[in-house]
Every structure is written in C-alpha cells, then in structure tokens.
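Working notes, beginning with the structure itself.
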Amino acid sequence: MRCFYSSEFFLELPNGHPFPMDKFEVSKDMLVGSGIVKGEDIIEVNEADSHVLRRVHDHDYLSKIYYGQLDRKEQILLGLPVTPKLYHRSATEVEATRQACHAALQDGVAAVLAGGTHHSFQNRGEGYCVFNDVAIAIRDLQVYRPGIKVMVVDTDAHQGTGTNSILADDPNVFTYSIHVGKHSPSSKINGSMDVETVRYVEGEMYLKQLFNTLAAALDVFSPDLVIWIAGADNHRNDQMGQMLLDLKDFIRRDEVILRAFMGNRIPVAILYGGGYNRQPEYTAKIHRNTIATAARVARELGR
C-alpha cells in the first residue's frame, strides 16, 4: 500500500502549542519500524504547483499565505504561525493527498500520512487548516476524469466546514460527516449528510450511529472513490474532540469502514485528520493503527 509523506509536513511551533506536529514522522517511523509498511512504499512528495491550489483557493488568499500577510484576526482563526515555511508545508500536504487519490484509483487503497485539512475555505484558513487538500484533490481528479463521483467520509470529531462550503453545489460529490453537534466549530455548514452525536458520546453509541448512517449514505450515492478523513480526536483522552472512544473502538471503526468500501471494490484514499491527545504518542498511535488496519484489510482482500 502506497503511503504519501514528506519531512516537510513538520512545522516548528511555539512551546505549548496543542497541535502535535511530530505525529507525522512518529507514525511513519512506527509503520516502517514494525514492518506494516515497506520503506519503498513511503512515497516522498514535493509541494503542489500553484495552479493546482488555484483550482480552489482565491489568488489573494494564496498570496497572503505565501508572503505571510494575514492580519491578526486571520492568524487567530488559522491557529498556526505564519512563517515562510507555512505555504510550502501546506502545499506539500495538498500534493500528498492529490497523489494518494490517484494511487487509490489504481491500487484500491492509498494513504496520506497527514492530510484532512477540512476547515480551510476558499478564501481563508481556520482550525490549523491552511489549504483544503480534499477539495483540491477532487478538483484535480475532475480535470483528468470528468464525471467522477467522489464521497468524502469525515469521521474526525469536528465537522468539515470548509469542505462542505467549497463542494456544496457539486452533484458528483457527496460529503458525509459524523461529529459532535454542539461543539467547535459552533457554526456548522450543511453537507450532503451530517450526523451529529451528543457531546462525550461513548464508543458503542457512536459506532452504531456511524454504521447505520454511513450505510444510508451508500444507499443514495455510489462513489467511484472515497476520500476518508479518519480522525484521531475521537479518543476519550483528546483535548478537543469531546468523544469517548477507546483504542478498540477505533479498530472496529476502521475495520468496518474499510471493509464496507474495499470489499465492494470502492477505492479509498485515507487521510489522517485531527488528533490532540493529552498523551501525544497516542495521536500517532491511533493514526498508525488506522493505516495498519488498511494494510491488513488490503492483504486479506488481495489488493
């Protein structure tokens, strides 16, 4: 299984910043070190070309990120320091997602050891999300495969507000999101199917709600590709997720989702999404487990 990665995913952050920027390298080392992913299957990527980013984002916004010209309000909304590396780092993450989607169509499954920046809008970034890698990847696919039908499955604990906004009027895209209802972001933007959980939902209730509604989504939309933002912030010890899943719940979530798609020969591109565990190593471990489950399911299904 090809996994798309770059050391450029790392961005130096101020001490005490809640984003676990080292999770990308740590999870990659876990995957390779345990033999789950072969070294040759880690595909290093460079940054996306500017014309690829412009398929979604305004020129003025791209220029603000490139030259570090966000005002104070914009910086607070984004939550990341606007350094010269921010544009390059974010464009590299976009390229990883773009390539992973094409690889998934070829191989049946592929992963980005990052990605899922679903709070980025056409003209602004929010919640640590600079460029919307999901929307850009879909627009890129539509250039090469007009009419392709893509389902975005977002199991991050927060709604993909930016993704919903950008893709709202596209009949060939279905956005599914299951997230905490009364929680950040407080202003939700309707997608194709939004499933709200109660705050501090337990694993069993969450999984039942997820599986029932995702099956309903597949009854009304038949995708050629699924882009799955897995999320690690559903864990009971996460600082921001306000859900109460444990590691066993994650494994069950991942197993059922992957078998539902891959077992029906629907290609899946897997993205990390968020995760802010109070024990930082747990965020990387949850991401690692998702990729491990995908690799195992792919082997069992002969992918």
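The values are calculated or read from the model by the stated rules, or taken from the named source; none is laboratory data. Quantities reported herein were computed from a predicted structural model and do not represent experimental measurements. Every residue, glycine as well, gets a Cβ built from its backbone with ideal geometry; the counts of neighbours run over all protein chains shown. Areas reflect the complete protein model, heavy atoms only, side chains present, ligands, DNA and RNA absent. Shrake-Rupley method; radii C 1.70, N 1.55, O 1.52, S 1.80 Å.
How many nm separate the modelled label positions at residue 74 and residue 300, each set 7 Å beyond the Cα in the direction of the Cβ?
Calculated label separation equals 4.8 nm.
Just how large is the dipole of the chain about the Cα centre, in debye to the nearest 20, putting +1 at every Lys and Arg Cβ and -1 at every Asp and Glu Cβ?
Around 340 debye, computed over the chain.
At 7 Å along Cα-to-Cβ for each site, give me the label-to-label distance between residue 59 and residue 83 in nm.
In this crude spin-label approximation the distance works out to 3.0 nm.
In the chain, which helices (entire DSSP H runs) extend 27 Å or more along their own long axis, judged by Cα positions, while averaging at least -1.0 on the Kyte-Doolittle scale?
Those that pass (Cα extent of 27 Å or more, hydropathy at least -1.0) are 84-107, 280-300.
Please report the Cα spread of region 169-214 along all three principal axes, rounded to whole Å, starting with the longest.
Principal axes ranked by extent give 34, 25, 7 Å for the Cα atoms.
Given that compact globular proteins tend to follow 2.2 N^0.38 Å, what is the ratio of the alpha-carbon Rg of region 1-146 to that value?
1.05
Considering only the chain, what is the antiparallel percent among its DSSP beta bridges, to the nearest 5?
5 percent
At a 1.4 Å probe radius, carbon and sulfur cover how many percent of the accessible area of region 63-191?
For region 63-191, the apolar C and S fraction of the accessible surface comes to 47 percent.
Who wins for biggest fluctuation among 280, 84, 20 in a Gaussian network model of the chain, springs between alpha carbons below 10 Å?
The residue with the greatest mean-square fluctuation here is 84.
Who wins for biggest fluctuation among 110, 217, 137 in a Gaussian network model of the chain, springs between alpha carbons below 10 Å?
Among 110, 217, 137, the largest mean-square fluctuation in the Gaussian network model of the chain belongs to 217.
Of the candidates 206, 144, 176, which one comes out as most mobile in a Gaussian network treatment of the chain with C-alpha springs shorter than 10 Å?
Sorting by GNM fluctuation, first place goes to 144.
Just checking my list [x] 13.8; [y] 20.4; [z] 15.7 against mean projected area of the Cα convex hull in nm² computed from this structure; which label fits?
[x]
Starting with the highest mean, order 224-234, 67-77, 1-11, 115-125 by the number of other Cβ atoms within 10 Å, averaged over the residues of each peptide.
224-234, 115-125, 1-11, 67-77
Which whole-number percent gives the relative contact order of the chain, counting Cα pairs below 8 Å spaced six or more residues apart?
20 percent.
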